[in-house]
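J.: Quick one: this structure, given as structure tokens, is what I'll be asking you about.
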Amino acid sequence: MQGVIFTTMQSENERRLRETELWIFDADDTLWESALYFRRAEEDFIALMESLGFPGDDTRREVRRRDIERLSVTGYGARPYMDTLRGILQDRSTLLSPYIVDSLEYISNSLLHHPLVLLPGVMGTIERMHRFGKSMIVYTMGEDDHQRDKFSRSGIAGFFSDLKVVPVKNEDTMKELLAHCGVEPRKACMIGNSPRSDINPAIGCGVNAIHVKRALTWQAEQTEFAEPGLVTTVASISEIPPLAGIV
């Protein structure tokens, strides 16, 4: 019986996806690489702290604890993340030598101005969906100027009708997005790698959801799906066109 229910739900999901009118794409770690650069910044910072005599494991735990705590205050973004690192450094080392200041500035510049690398299958998928007349927007979180800079450098901005940047994604911001676009929830589909910020808010609003699995997903974004049966999971973004009825 359980298998029959799952198959029925899967068929219903497939039908709703084929009827989708608006495809909503997350940006970081769905369209282009992002977590990799945050991971590198974290590792560089830990190495810097180790050079000052502070254990790496202790620093890693402190970075992740403070980073999660500050989300409710600052939202997501590279600059708030760097503020977290600076705060830890200042709390543990009162005398900041030119070497330390320069090292932290290098870490910051590497994170804020990293190369814009599209993930495998993105360009072909976006081009194909655009060619078939699919309406697509990008809905991402972080700092507005930083996200818009990455969007303009991506080379795919011309395929999307809009870009919406919010500090944090939740059900309220999803509802605002749907109202702005003038689309019913059941006629929209959210595509993203984050269960917490992309998938669960969409499901909570009655929006279809496609989860793009990624090995690198920030710890704070990992959680159980609110309604697993309503989520379609793919290993690559290139699997989306057939789900949209493009064969």
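J.: If R₀ is 41 angstrom, what is the calculated FRET efficiency for the pair residue 52 and residue 168, using the beta carbon separation as r and rounding to 0.05?
T.: Details: r = 33 Å, r/R0 = 0.80.
According to the calculation, E is roughly 0.80.
J.: Sorted by accessible area (1.4 Å probe), largest first, how do 141, 129 line up? Don't skip to the answer; put the middle values down first.
T.: Values: 141 30, 129 0 Å².
Heavy-atom accessible area, descending, gives 141, 129.
J.: Sort 76, 99 by heavy-atom solvent-accessible area, probe 1.4 angstrom, most to least. Don't jump to the answer; show the numbers that get you there.
T.: Numbers: 76 35, 99 120 Å².
Largest accessible area first, the residues go 99, 76.
J.: I need to check one value: relative contact order of the range 146-247, counting alpha carbon pairs closer than 8 Å and at least 6 residues apart, in percent.
T.: Values: 118 pairs, mean separation 20.4, N = 102.
Relative contact order for the range 146-247 comes out at 20 percent.
J.: Rounded to a whole number, what is D in µm²/s for the chain from Stokes-Einstein with the Kirkwood radius over alpha-carbon pairs (20 °C, 1.002 mPa s)?
T.: Numbers: Rh = 19.3 Å.
My calculation gives 111 µm²/s for D.
J.: Can you give the % of DSSP beta bridges in the chain that are antiparallel, to the nearest 5? Don't skip to the end; give the middle numbers.
T.: Values: 1 of 23 bridges.
Approximately 5 percent, going by the DSSP bridge assignments.
J.: Over 10 Å intervals from 0, what percent of Cα-Cα pairs in the range 1-131 sits in each interval?
T.: 10, 30, 23, 17, 13, 6, 1
J.: Explain nothing, just the number: relative contact order of the chain, from Cα pairs under 8 Å at least 6 residues apart, as a whole percent.
T.: Numbers: 350 pairs, mean separation 69.2, N = 247.
Result for the chain is 28 percent.
J.: On the protein heavy atoms, probe 1.4 angstrom, tell me the percent of accessible surface of the chain carried by carbon and sulfur.
T.: On the way: 6380 of 12100 Å².
Within the chain, the accessible surface is 53 percent carbon and sulfur.
J.: Here's a follow-up. Rolling a 1.4 angstrom probe over the protein heavy atoms, how many square angstrom per residue are accessible across the chain? Walk me through the numbers before you get to the answer.
T.: Values: 12100 Å² over 247 residues.
With all protein chains present, the chain gives 49 Å² per residue.
J.: What trypsin sites (Lys or Arg not before Pro) in the range 121-225 are in a loop by DSSP, with at most 13 other Cβ atoms within 10 Å of the Cβ?
T.: Filter output for the range 121-225: 213.
The values are calculated or read from the model by the stated rules, or taken from the named source; none is laboratory data. Keep in mind the model is a prediction, meaning the values are calculated, not measured. Backbone-built Cβ (ideal geometry, glycine too); neighbour counts: all protein chains shown. Each accessible area value is taken on the protein alone, full model and side chains, heavy atoms only, with ligands, DNA and RNA left out. Shrake-Rupley method; radii C 1.70, N 1.55, O 1.52, S 1.80 Å.
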